[in-house]
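K.L.:
If you scroll down you'll find the structure; I have some questions about it.
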């Protein structure tokens with residue numbers, strides 16, 4: 001038999017076998033007992049050898065709260081390889097260390113770590129206008145949790161329109177923070193179970209459960225949100241909304257508050273979060289403009305024009 005390869009599928013599963021034929025339409029794979037035809041658009045990656053498969057290459061170490069997570073090359077977020085469905089109780093125990101509390105002089109919110117180097121996602125409105133930001137971690141030690149306050153936090157990128165912010169914990173030489181994977185919005189279905197972890201009203205590590213009401217609800221300026229029934233309150237902003245595979249499928253953002261209204265929460269979908277992260281250079285934070293995800297360049301200088309001096313002065317654009 002020829003060289004066996006690992007074929008990673010877009011649904012997260014993988015196959016082991018020899019590729020007999022490949023075309024733009026399909027792969028023909030010898031599994032050893034049968035030949036399987038796989039549509040080309042269903043294949044995410046080909047190339048892992050027998051000695052290195054997605055099951056043991058590039059995954060987080062056992063016991064750090066990030067089981068089954070593979071960091072994507074060139075990106076700062078991760079996806080899960082063949083994630084296992086667990087109960088909310090089991091997921092909460094595995095994922096809680098990667099969920100953090102965000103504190104500023106004016107308030108608090110929630111967030112979650114997406115990369116072992118300490119990159120953290122939260123809402124833009126949680127840190128808008130602030131420079132002094134602290135991140136509270138909850139590290140499991142034996143049978144207790146140790147509360148750590150980290151004040152060396154850098155704002156990497158912000159988007160007021162998307163209401164997303166990317167932070168970076170600085171100061172550790174060899175960071176290895178527990179982190180959570182980001183799921184796919186197209187796999188989300190109405191009625192599926194979801195749960196949230198965060199700090200409603202400052203009560204950290206709070207877990208609430210619900211279902212997806214609608215996967216693509218248009219609200220607030222025409223943006224698409226994921227509507228859900230998990231109970232959220234002020235302080236949950238910026239925290240993760242998980243599926244039962246432990247993947248982040250949304251960033252908690254807002255809820256409807258009115259007499260007689262219950263169970264109408266909204267989250268920024270994973271697809272928008274990935275768009276923000278993949279284009280984070282476009283949303284790079286400028287300390288001169290803490291409320292903007294971009295900066296304006298000063299207009300180039302020019303020699304005064306003697307003729308223009310006789311004309312009324314023109315108004316120049318100012319930085320908002």
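Readers should treat all values here as calculations from the given coordinates under stated rules, not as data from a laboratory. Here the structure is a predicted model, which is why all the values come from computation and not from measurement. FYI the Cβ positions are ideal-geometry reconstructions off the backbone, even for glycines, and counts take in every protein chain you see.
K.L.:
Taking Cα centroids, how far is region 245-266 from region 79-135 in Å?
P.N.:
Cα centroid to Cα centroid, the span is 16 Å.
K.L.:
Next question. Determine, from the Cβ-Cβ distance of residue 89 and residue 20 and an R0 of 51 Å, the FRET efficiency 1/(1 + (r/R0)^6), rounded to the nearest 0.05.
P.N.:
Taking R0 as 51 Å, the efficiency between residue 89 and residue 20 is 0.65.
K.L.:
Please report, in Å, the Rg and the Dmax of region 185-270, where both are computed over Cα atoms only.
P.N.:
Over region 185-270's Cα set, Rg and Dmax evaluate to 11.8, 34 Å.
K.L.:
What spacing in nm lies between the two simple spin-label points modelled at residue 132 and residue 190, each 7 Å away from Cα in the Cβ direction?
P.N.:
Each label point lies 7 Å from its Cα, and together they span 4.8 nm.
K.L.:
With all distinct Cα pairs included, what does the Kirkwood hydrodynamic radius of region 98-211 come out to in Å, to one decimal, could you say?
P.N.:
On the way: mean 1/r = 0.0663 Å⁻¹.
After inverting the mean inverse Cα-Cα distance, the result is 15.1 Å.
K.L.:
What spacing in nm lies between the two simple spin-label points modelled at residue 28 and residue 261, each 7 Å away from Cα in the Cβ direction?
P.N.:
Each label point lies 7 Å from its Cα, and together they span 5.9 nm.
K.L.:
Let me check I have the definition right: for region 151-225, take the eigenvalues of the Cα gyration tensor, multiply each by 5, take square roots. What are those semi-axes in whole Å, largest first? Please report the intermediate quantities before stating the final value.
P.N.:
Working: eigenvalues 154, 66, 40 Å².
Whole-Å semi-axes of the equivalent ellipsoid: 28, 18, 14.
K.L.:
Let me ask something else about it. Rounded to two decimals, what is Rg over Rh for region 218-266 when you use alpha-carbon atoms and the Kirkwood radius?
P.N.:
Rounded to two decimals, Rg over Rh is 0.97.
K.L.:
What is the gain in length, in nm to one decimal, between residue 282 and residue 152 on full extension, counting 0.36 nm per residue of separation less the C-alpha to C-alpha distance?
P.N.:
Gain on extension, residue 282 to residue 152, equals 44.4 nm.
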